[in-house]
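Down below is the structure, laid out as structure tokens.
The values are calculated or read from the model by the stated rules, or taken from the named source; none is laboratory data. If you're wondering where the values come from, they're calculated on a predicted model, not measured in any experiment. A quick note on method: Cβ atoms are made from the backbone with ideal geometry, for glycine too, and the neighbour counts reach across all protein chains shown. The area values use the complete protein model at the heavy-atom level, side chains included, leaving out ligands, DNA and RNA. Shrake-Rupley method; radii C 1.70, N 1.55, O 1.52, S 1.80 Å.
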Amino acid sequence: MQIFKVGGAVRDRLLGKPVTDIDWVVVGATTEEMLAQGYRPVGADFPVFLHPKSGEEYALARTERKSGRGYGGFTFHASPEVTLEEDLIRRDLTINAMAEDDQQNLTDPYHGQRDLEARILRHVSPAFAEDPLRVLRVARFAARYAGLGFTVAPETLELMRQLSESGELEALTVERSWKEISRALLEDRPQVFIEVLRDCGALKVLMPEVDALFGVPQPEAHHPEIDTGLHTLSVLEQSALHKQPLTVRWACLLHDLGKGLTPEEEWPRHIAHEHTGLKLIKAVNERFKAPKDCQELALLVGKYHTHGHRALELKASTLLELLQSFDVYRRPQRFEEFIAACEMDARGRKGLEQRSYPQADYLRGAAKVAREVAVQPLLEKGFKGPELGEALKRERLKALKAYKENA
Ligand code: CTP
């Protein structure tokens, strides 16, 4: 049997990037031989094994053929006769279809190295279309490697467009889609992920609510970039430049969905878009079964981001309501993430990326003041139950009024 390193490990070594996990392909072996050598079988779907010591994945070389719609419709063929070239041709991108032996001799029948040098994400063969998840994967790789100058080959984008139009994307499982989306959002240029999905028509299928933002104008005085879709991309870009966590990036992507619902005759104004957007944010959250913290923050940011921007003008009572809505007493981190999302929103405007955002510290200060109101003196005065809650609110309001006056 012969063993080769394949896929991402080869690609990233050639790119000079750190290699985290290594996939191996085994040519000329049977399942029985693998088991006899102590490899542990995993995965009901494919003949994949774990190395007895390193725990890395070793897959028998295989060919695959799609036998139906969706993800269940796959047949594969693994046998000692399947060659390395046959295994590599079923893979998604040429840069992912290279193999390397233990002497670092490269097997590159589909010219991955050439495409790596030319900075092109190109599909290996028409078999690309057999797995619709690859539409998301290519967009994710584009987001990851855009900084190195990579772009999607026009013929690959065309194939992605056909896949998007064919209805195949609807067959993807929620788990696989969310895994790609969340990984892509955490890349260096998550906005490129959305752009590529849009360019191939997949955004319209996966997140029509985000797709609808393109072409919707906003008032130029506040938004020199005008277009709401472009603004959303810039906010996402800022969230990555500022190394925000997934929760914040997800909230940034969804914060303005309501603007896609504004009747054209009201353009470029978007009255109450914070409220109209909530049902759309909820729908996208649920469609992808986003984790609870992502869902929650997206809804809160959707509802309150304008409050964030107007923080310095808010009445003390409105400030208090805001803090209560976030439960800043028990969930300080979530409020920090809200502030971060508001700041990214403000910076995601053309020409205003560097403008300071004094609202952030002002909101932090308000949360601190409200949090510092002590319960003990109120207990000592004999307040209990709901009355205690009311008394605490009164004290917090008083403290916030003083904070506002001194700000
Ligand atoms: N692969 C594929 N089609 C898929 C998933 C994977 O062709 N839908 C192939 C590619 O050759 C890929 C390899 O399997 O390189 C390993 O897949 P995976 O570990 O998911 O991705 P990596 O390329 O290692 O990328 P990452 O760095 O994102 O993990």
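Using the Cβ-Cβ distance between His77 and Asp199 with R0 set to 51 Å, the FRET efficiency works out to roughly 0.90. Fully extending the segment from Lys282 to Glu390, taken as 0.36 nm per residue of separation minus the present Cα-Cα distance, adds 35.7 nm. The alpha carbon gyration tensor of the stretch 1-110 gives principal lengths a ≥ b ≥ c with a/c of 1.5 or higher and a/b no greater than b/c, which makes the shape oblate. Here's the list of lysines a cross-link from Lys393 could span, going by alpha-carbon distance under 17 Å and ignoring same-chain residues fewer than 8 apart: Lys315, Lys368, Lys381, Lys384, Lys401, Lys404. Surface analysis of the stretch 239-370 yields an accessible area of 45 Å² per residue, using protein heavy atoms and a 1.4 Å probe.
So for the stretch 239-370, averaging the separation of alpha carbon pairs under 8 Å that are six or more residues apart and normalising by length, what relative contact order in percent results? The partial results should precede the final answer.
On the way: 137 pairs, mean separation 35.2, N = 132.
Rounded, it is 27 percent for the stretch 239-370.
Determine the shape class of the stretch 60-189: with a ≥ b ≥ c the square roots of the Cα gyration tensor eigenvalues, call it rounded for a/c under 1.5, and otherwise prolate if a/b is greater than b/c, oblate otherwise. Taking the square roots of the gyration eigenvalues as a ≥ b ≥ c, the stretch 60-189 is oblate. First measure r as the distance between the Cβ atoms of Asp45 and Gln2, then evaluate 1/(1 + (r/R0)^6) with R0 = 30 Å and state the FRET efficiency to the nearest 0.05. The formula returns an efficiency of 0.80 here.
Stretching Tyr329 away from Gln113 to a fully extended chain increases their span by 72.3 nm, per 0.36 nm per residue minus the current alpha-carbon distance. Nonpolar atom fraction for the stretch 1-110, defined as the carbon and sulfur part of the 1.4 Å probe accessible area, stands at 48 percent.
For the chain, what does the alpha-carbon gyration tensor say about shape, rounded, prolate or oblate, given a ≥ b ≥ c as the root eigenvalues, a/c under 1.5 as rounded, and a/b over b/c as prolate?
Values: a/c = 2.64, a/b = 1.95, b/c = 1.35.
It comes out prolate by the Cα gyration axes.
How about Lys289: which lysines have a C-alpha closer than 30 Å to its C-alpha, ignoring those fewer than 8 places off in the same chain? In chain and number order, the partners are Lys66, Lys179, Lys204, Lys243, Lys259, Lys279, Lys303. Across q = 0.20, 0.21 Å⁻¹, the stretch 239-370 modelled as identical point scatterers on its alpha-carbon atoms has Debye log10 I(q)/I(0) values of -1.25, -1.35, in the order of the q list. Note that the stretch 1-102 presents 50 Å² accessible area per residue, ligands and nucleic acids not counted, probe 1.4 Å.
So, with +1 on the Cβ of K and R and -1 on the Cβ of D and E, and no other charges, what is the size of the charge dipole of the chain about its Cα centre, to the nearest 20 debye? Intermediate values should be presented prior to the final figure.
On the way: 56 positive and 62 negative charges, 363 e Å.
Taking the Cα centre of the chain as origin, the dipole is about 1740 debye.
For n ≥ 4 DSSP H runs only, could you compute -39500 (n - 2.57) per run for the chain, divide by its residues and tell me the 222 nm figure to the nearest 500?
Working: 20 runs with 204 residues, N = 407.
So the helix-based figure for the chain works out to -15000 deg cm²/dmol.
Assuming R0 = 45 Å, can you tell me the calculated FRET efficiency for the pair Thr306 and Glu85, based on Cβ-Cβ distance, to the nearest 0.05? Approximately 0.20, to the nearest 0.05.
In a DSSP loop and with at most 15 other Cβ atoms within 10 Å, the trypsin sites (Lys or Arg not before Pro) in the stretch 281-317 are Lys289, Arg310, Lys315.
Going by average Cβ density within 10 Å per residue, which order do the peptides 363-375, 101-113, 203-215 take, highest to lowest? It would help to have the intermediate numbers written out before the result.
Values: 363-375: 17.1, 101-113: 14.8, 203-215: 19.6.
Averaged packing, sorted descending, gives the order 203-215, 363-375, 101-113.
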